[in-house]
Amino acid sequence: MKKIIGFGILMVFITSALSAQLTDTKWKNSMNIPDPTETFLQFKKDTVLLSVVADGSVVETMTYSVSKDTLRLTKTSGMSPCADNIIGLYHFELKDDKLTITPISDDCFERAGAFKPEAWTREKI
């Protein structure tokens, strides 16, 4: 029983550490929204803002969570045709101030198609 509880506590710490990798970070890349547009992804505690570099306008606000190398996104507001309750799962990798996001499954095809295969570059906040 103690091993199970210990394992559960360890998993909570690991999940928190993984989320902390993205919390309070900002990334720049081009997204197809629907045309190629320079954008920022800014991760806060449990939300991520997608904004346009040129004018700072927020295109989409999503909640996010992290489990191992999987990023879970759910729209809360914005201009995309994605319904608010559709969950997108994405593989992510952080390496040398580069963030790669690759769709795993997302019934919102517009969101999945917006991500390009090129890595995001970390920006200073």
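The values are calculated or read from the model by the stated rules, or taken from the named source; none is laboratory data. Small disclaimer: the values here were computed from a predicted structure and weren't measured. Please note: Cβ atoms are built from the backbone with ideal geometry, for glycine as well, and neighbour counts cover all protein chains shown.
Taken over segment 19-70, the criterion of being β-branched (Val, Ile, Thr) and either in a loop (DSSP other than H, G, I, E, B) or within 19 Å of Asp84 (Cβ to Cβ) (or both) is satisfied by Thr23, Ile33, Thr47, Val48, Val53, Val58, Val59, Thr61, Thr63. For Ser105, state whether it is assigned to a strand (DSSP E or B), among the polar types (S, T, N, Q) and surrounded by fewer than 17 Cβ atoms within 10 Å (Cβ to Cβ). Judged against the criteria, Ser105 is a match. In segment 95-113, what residues are over 12 Å from the mean Cα position of the chain (by Cα) and at pLDDT 95 or above? The answer is Lys98, Ile104, Ser105, Asp106.
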